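Some notes on the structure that comes next.
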Amino acid sequence: MVNLRRRETPTITFRRALPDYLADGEKCFIEIEARAAGPVNPKYIAGIEQNIVNARVMDRKAAKIEDDEEFVKANRENNRRAAKQRVATLYDACVIEWASNMLDGDERIECSRENFIALAEVRGVPELTKALQEFESECIKAGAVMSEADEELVKN
């Protein structure tokens with residue numbers, strides 16, 4: 001097996017303002033230091049490929065359910081799990097560190113992997129959902145820019 005050195009994956013800093021009520025009236029934010037996603041990040045690609053396999057397995061199992069209501073519930077749960085796995089993959093492959101002044105109860109949120117993934121499941125705060133979607137998009141864009149630069153280098 002070949003064991004080539006890996007390139008340094010470019011990093012991005014992503015920051016978004018969030019509704020101030022999430023920080024008890026302070027200017028609320030989320031800031032994430034991350035690596036690019038996409039083909040330049042093998043860990044990201046491997047994680048996404050595994051997520052696809054997991055989703056297909058869940059779909060096959062759900063297809064065997066004959067009761068309509070149970071089938072619909074299983075599909076809804078499968079979609080929730082697949083989305084959570086995608087965020088976990090994004091975190092594991094891309095997030096270097098993150099910070100926020102959001103409150104979790106009465107305390108500032110602990111900026112852990114578990115809490116980052118849990119943010120993706122928060123309902124009723126569309127600004128947060130949008131920020132996380134934009135973060136993923138920015139990681140993928142950064143990877144695409146690097147891939148394009150590599151293609152130009154190969155052409156020359």
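Bear in mind that the values in this text are calculations on the coordinates, not laboratory data. Just so it is clear, the model here is predicted, and its values are computed rather than measured. Backbone-built Cβ (ideal geometry, glycine too); neighbour counts: all protein chains shown.
Tabulated data
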quantity: Relative packing of 23-32, 67-76, which averages over residues the other C-beta atoms within 10 Å, highest first; calculated: 23-32, 67-76
quantity: In Hz, Karplus ³J(HN,Hα) per residue of region 53-63 (6.51, -1.76, 1.60; θ = phi - 60°; x = Gly, Pro); calculated: 4, 4, 5, 5, 5, 4, 4, 5, 5, 5, 4
quantity: J(HN,Hα) series, region 139-145, from Karplus relation 6.51 cos²θ - 1.76 cosθ + 1.60, nearest Hz, glycine and proline x; calculated: 4, 5, 4, 4, x, 5, 4
quantity: Quotient of C-alpha Rg and 2.2 N^0.38 Å, computed over the chain; calculated: 1.23
quantity: Within region 77-127, GluC sites (Glu not before Pro) in DSSP loop having at most 14 other beta-carbon neighbours inside 10 Å; calculated: GLU110, GLU121
quantity: Hz values of 3J(HN,Hα) by residue in region 125-133 - Karplus curve (6.51, -1.76, 1.60), Gly and Pro given as x; calculated: 10, x, 5, 6, 4, 5, 4, 5, 5
quantity: Footprinting exposure proxy for THR89, THR13, THR129 (fewest neighbouring C-beta atoms within 10 Å first); calculated: THR13, THR129, THR89
quantity: Kirkwood Rh and Cα Rg combined as Rg/Rh, region 9-57; calculated: 1.22
quantity: For ASN101, residues with placed amide H under 5 Å, excluding near neighbours; calculated: PHE29
quantity: Residues CYS94, CYS111, CYS139 arranged by fewest to most Cβ contacts within 10 Å; calculated: CYS111, CYS139, CYS94
quantity: Contact order normalised by residue count of the chain, Cα under 8 Å, 6+ apart, percent; calculated: 31
